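To start, the structure under review is shown below, and the notes come after it.
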Amino acid sequence: MLSLSRARGAPRGTDSGSILGVRMSRWGFAHSAEPRLVRASRRRCSVPANNQLEGSGALSRAATIDEAQLEALVPCFYARVRDDALIGPVFDGAVADWDDHFEKLIAFWSSVMLTSGRYKGNPVAAHMQHRSAITPPMFDRWLSLWAEVTDEILPVSAAAEFQARASRIAESLKLALFFRLPPPGESPAIVARNVS
């Protein structure tokens, strides 16, 4: 079975080994011309335990979700994304280095959910680079997969908060990518961009 985490004691950024002669990244993804052959996305993922996850009353993000859990959640989710027929090809075409992408996404979710301030990027600009390959239904599919994975591996209250936050972010990205206000003097209604 593949591991989502790097070998104990291995420095960040090192490979976790190989399977059938295919070099694997520390996140369990293959570095080969045919990565889907050895991808570990069909297995159930788990997030490291945190004693305060259930039964602590109101969800406190800082107390219930930690960096180790994000380091397990993000690769698990994107393994599912990469195997998806609708959005997998877009991600595979857009992401050249999955290890680097995971680092950015873990920092992003750390900033969003833990208010760590680790993420220094611009999600709108990053998505704009791939606007021609992205359609609005892809955001719905991404959110559906996000709900599946977070429901599977996070406590109910944490999963609900991650899903709500992701939904707001997706809506903002869709507005940035696909809608614009008309020129001054025209109707104030939002006009859809040509997404063909």
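The values are calculated or read from the model by the stated rules, or taken from the named source; none is laboratory data. Treat the numbers as computed from the prediction; the structure is a model and nothing was measured. Positions of Cβ are backbone-derived with ideal geometry, glycine not excepted, and every protein chain shown enters the neighbour counts.
Selection over the stretch 114-125 of residues that are surrounded by 14 or more Cβ atoms within 10 Å (Cβ to Cβ) and within 23 Å of Arg80 (Cβ to Cβ) gives a count of 3.
Yes/no matrix, rows are residues, columns are (1) modelled with pLDDT under 90; (2) not β-branched (Val, Ile, Thr):
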site	(1), (2)
Gly55	yes, yes
Leu59	yes, yes
Leu70	no, yes
Phe77	no, yes
Gly93	no, yes
Ala96	no, yes
Ile106	no, no
Thr115	no, no
Thr135	no, no
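Matching residues to (1) surrounded by 11 or more Cβ atoms within 10 Å (Cβ to Cβ); (2) over 14 Å from Pro123 (Cα atoms); (3) of a type in the set (D, E, K, R):
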residue: Pro155; (1), (2), (3): yes, yes, no
residue: Ala158; (1), (2), (3): yes, yes, no
residue: Ala164; (1), (2), (3): no, yes, no
residue: Ile169; (1), (2), (3): yes, no, no
residue: Lys174; (1), (2), (3): yes, no, yes
residue: Leu177; (1), (2), (3): yes, no, no
residue: Pro183; (1), (2), (3): no, yes, no
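A search for C-beta distances below 8 Å between a residue of the stretch 109-126 that is farther than 15 Å from Ile169 by Cβ and any residue that is among the hydroxyl-bearing types (Ser, Thr, Tyr) and crowded, with 16+ Cβ neighbours inside 10 Å, counting only pairs 6+ apart in sequence or on different chains, returns Ser116/Ser110; Arg118/Ser110.
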